[in-house]
Amino acid sequence: MSKKAGYTVPAGESILDHLPIDPVYAAKAKLAIIIAKTIQELGLTQRQVKDRTGIPQARISEICRGKLKDISKERLEACLQQLGHDIVTVVTNRHEGAGEFRVERAEKMPEFV
């Protein structure tokens, strides 16, 4: 007999957006997931990633396993750029309260005015 999950994440959303964790850590986790998927999709070894990014192979391994304590969001973004991804930061209208930080994977680059 299996138990049903008590919570379902809407299609297209990340479970990381629904957990009670620091939004910046959630963003770093999403970036790490994209890095790991990119490495796999490109068929690269961690040593090849080290050669492209300058990040030591052991650190690449940690990133791919979600160990993100001592690495900045900016370094993860730079790694993605060195693996061929475009990184876009979007600033939206100011509002009351704290702003949010999130990572979304776009199929197409947004057009700018």
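The values are calculated or read from the model by the stated rules, or taken from the named source; none is laboratory data. What you see is a predicted model; the values in this text were computed from it and never measured. With ideal geometry, Cβ positions are generated from the backbone for all residues, glycine too; neighbour counts draw on all protein chains shown.
Here are a few things to note about the model shown:
- Among the residues of the stretch 58-113, those that are surrounded by 15 or more Cβ atoms within 10 Å (Cβ to Cβ), at pLDDT 85 or above and among the aliphatic types (A, V, I, L, M) comprise I60, I63, L68, I71, L76, A78, L80, L83.
- Close Cβ contacts (under 9 Å, 6 or more residues apart or on different chains) running from residues in the stretch 32-53 that are touching a residue at least 40 places away in the same chain (Cβ under 8 Å) to residues that are basic (K, R) comprise A32/R65; A32/K67; I34/R105.
- Among residues of the stretch 71-86 that are farther than 14 Å from A26 by Cα, those with a Cβ under 7 angstrom from a residue that is part of a loop (DSSP other than H, G, I, E, B) and modelled with pLDDT of 90 or more, sequence gap 6+ or separate chain, pair up as C79/I55.
- Condition met for V49 (at pLDDT 95 or above and among the β-branched types (V, I, T)): yes
- So K37, is it of a type in the set (K, R) and outside any loop (DSSP other than H, G, I, E, B): yes
- Test: residue in the stretch 35-57 that is aliphatic (A, V, I, L, M) and touching a Lys or Arg at 6+ places or on another chain (Cβ under 7 Å): no
- Hits in the stretch 59-80 - residues which are assigned to a helix (DSSP H, G or I) and of a type in the set (A, V, I, L, M): I60, I63, L76, A78, L80
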